[in-house]
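Heads up, the thing below is written out as structure tokens.
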């Protein structure tokens, strides 16, 4: 069984509202001395919005990390882990124009949040689906994909977290015999 690594020295600590970056000198499980960079990030949530058995996606958005515009599900950072459902409602309103009173049901799709990149980050990912009532949206979605065409959506998504969220949603449909 591998033992926990020992921090010998903190070389760097940079802190902002959303991220803290560390450089540490560590002693690994084989007594090798390593310089290791890692970060703490705010947890995040991805939402699969569904209206009339169609998955809704907002306009593609520029992603700084890859330097281009990408198709993603609505999502964002969670400022307070006790208010995840409020965060989900705010994100849906911001990205799709969904009025909170039109959300019929929010469902957490992963019982335990996922470690996003455990080698370098403390960030966890929560995945939700949102059943949106028949009201018109303030902003029309970029795409409306019928639930029975989920596999075609996998071809359009590059984001690993979005693809994971879609797998979770597809599994939830299969569990309820919808697919």
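Sort out which residues of the range 170-179 are part of a helix (DSSP H, G or I) and surrounded by 11 or more Cβ atoms within 10 Å (Cβ to Cβ), and write them in order of number.
170, 171, 172, 173
Can you report the number of residues in the range 123-143 which are assigned to a loop (DSSP other than H, G, I, E, B) and at pLDDT 90 or above? Explain how you work it out, then say what you get.
Going residue by residue through the range 123-143, those that are assigned to a loop (DSSP other than H, G, I, E, B) are 123, 133-142.
Filter once more, keeping what is at pLDDT 90 or above: 123, 133, 142.
Result for the range 123-143: 3.
Within the range 146-169, can you find the residues that are surrounded by 14 or more Cβ atoms within 10 Å (Cβ to Cβ) and not in a helix (DSSP H, G or I)?
Listed by number, the residues that qualify are 157, 159.
Taking residue 12 as meeting all but one of (1) over 15 Å from residue 120 (Cβ atoms); (2) at pLDDT 90 or above; (3) surrounded by fewer than 11 Cβ atoms within 10 Å (Cβ to Cβ), write down the number of the exception.
(1)
Which count do you get for residues in the range 54-92 that are assigned to a loop (DSSP other than H, G, I, E, B) and exposed (fewer than 13 other Cβ atoms within 10 Å of the Cβ)?
Applying the first criterion (assigned to a loop (DSSP other than H, G, I, E, B)) to the range 54-92 yields 58-60, 64-67, 71-74, 78-80.
Then drop every residue that is not exposed (fewer than 13 other Cβ atoms within 10 Å of the Cβ), which leaves 64-67, 80.
Result for the range 54-92: 5.
Going through the range 37-53 one residue at a time, which ones are closer than 30 Å to residue 25 by Cα and part of a strand (DSSP E or B)?
37, 38, 39, 40, 41, 44
Which condition number does residue 124 fail, the rest of (1) more than 12 Å from the chain's Cα centre (by Cα); (2) surrounded by 18 or more Cβ atoms within 10 Å (Cβ to Cβ) being met?
Condition (1) is where residue 124 drops out.
The values are calculated or read from the model by the stated rules, or taken from the named source; none is laboratory data. Since the structure is predicted, the reported quantities are computational estimates derived from the model, not experimental observations. Cβ sites come from the backbone with ideal geometry, for glycine too, and all protein chains shown count toward neighbours.
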